[in-house]
Amino acid sequence: MTKIKQNIQTVSARIQHSCHSAGREVGSVKLLAVSKTAPPEAILQAMEAGQRDFGENYMAEGVEKILYLRAHLQQLGQLNELQWHCIGPIQSNKTRLVAENFDWVHTIDRLKTAQRLNEQRPVGAKRLQVCIQVNIDGSHSKSGVPPDDVLSLAQEIVKLPRLELRGIMAIPDQPPNATNNIANESIFTPAREIFSRLNELGYNLDTLSIGMSADLELAIEAGSTMVRVGTAIFGNRI
Ligand SMILES: *Cc1c(COP(=O)(O)O)cnc(C)c1O
């Protein structure tokens, strides 16, 4: 068994265990493999382990891999079931690359970006699946909209016909450690609360994108439906 396959099994076991502890169904949390900096060979190994959803942070690098793997699978006569998630900040001059190549965007943090993606999404393609990135701890270093602005952004996004609003994404500022579990649970809580509030208002969202290699257990406890895991699958990035 390859190291990557082994890592995916280990991460899947962590997800399963967390779901059991939280009294949630195992199928309620999806694993997004964050493949930034990983070569296409590593992604192919993850695919052999059954992984289908991949996340990329850097647009040019991501699109290069998307196109390479599409051609590669076509050459092998294999079905391309890969779903590509853009999880990095999007500059305005990169929206077209994203709209034309990705299936998901987790990092919508202003209307302008959403409008450009809507205009540039090819007509024949499935609607672009999007999440609003929320800045849950008020940090200046991370992108994301302040919690108070989420509802007004959501109201505008749902009017865009080429986008489908799926949920909320957040990256807590502080990496968790063994001594501050309680503090970290409360770091994820605001994201869950915004997600729930929008659903109470009838938004019908199914995606709460929180949790990474180091804190997926806490995120699942807080209600995560999608964990974005890089290091624990592909190893340390250089
Ligand atoms: C890199 C990255 C991840 C994965 O982080 P790991 O700690 O390697 O699991 C998840 N989400 C975002 C937005 C990232 O940039």
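The values are calculated or read from the model by the stated rules, or taken from the named source; none is laboratory data. Being a predicted model, the structure only gives us computed values, none of them experimental. Using ideal geometry, Cβ is built from the backbone for each residue, glycine included, and neighbour counts are taken over all protein chains shown. Side chains included, ligands, DNA and RNA excluded: accessible areas come from the protein's heavy atoms. Shrake-Rupley method; radii C 1.70, N 1.55, O 1.52, S 1.80 Å.
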Per-q log10 I(q)/I(0), the chain, q = 0.13, 0.16 Å⁻¹ (Debye; single scatterer per alpha-carbon; no solvent): -0.78, -1.20
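If a/c stays under 1.5 just call it rounded; otherwise compare a/b with b/c (prolate if a/b is bigger, oblate if not). Do that for segment 1-125, with a ≥ b ≥ c from the square roots of the Cα gyration tensor eigenvalues.
oblate
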- prompt: Per residue and in Å³, how big is the convex hull formed by the alpha-carbon atoms of segment 89-170?
  reply: 78
- request: Starting from the Cα gyration tensor of segment 1-70, multiply each eigenvalue by 5, take the square root, and state the resulting semi-axes largest first in whole Å.
  value: 26, 14, 9
- prompt: With the other protein chains left in place, how much accessible area per residue, in square angstrom, belongs to the chain at a 1.4 angstrom probe?
  reply: 49
- line: For Asp53, other-chain or 5+-apart residues with amide H closer than 5 Å (H placed, Pro excluded) are Ala33, Gln83
query: Under a point spin-label approximation (7 Å from Cα along Cα-to-Cβ), what is the Asp173-Thr231 distance to one decimal in nm?
result: 2.0
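Remind me, relative contact order of segment 75-127 in percent, using alpha carbon pairs under 8 angstrom and six or more residues apart?
37
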Gain upon complete extension [Leu44, Ser139; 0.36 nm per residue less C-alpha separation]: 30.6 nm
field: Selection from Leu76, Ile8, Ser224 lying farthest towards where the dipole of the chain points positive, charges on Cβ
entry: Leu76
statement: Cα-based Rg then Dmax for segment 53-99, in Å, read 11.6, 36
statement: Full extension between Thr2 and Gln120 adds, at 0.36 nm per residue less the Cα distance, a length in nm of 38.6 nm
Test item: Cα-centred dipole of the chain, Lys/Arg +1 and Asp/Glu -1 on Cβ, debye: 580
Relative contact order (%) - segment 1-120, alpha-carbon pairs under 8 angstrom, separation at least six: 20
- prompt: So which lysines can Lys36 reach, going by Cα to Cα under 29 Å and dropping same-chain residues fewer than 8 places off?
  reply: Lys3, Lys5, Lys65, Lys94, Lys112, Lys126, Lys142
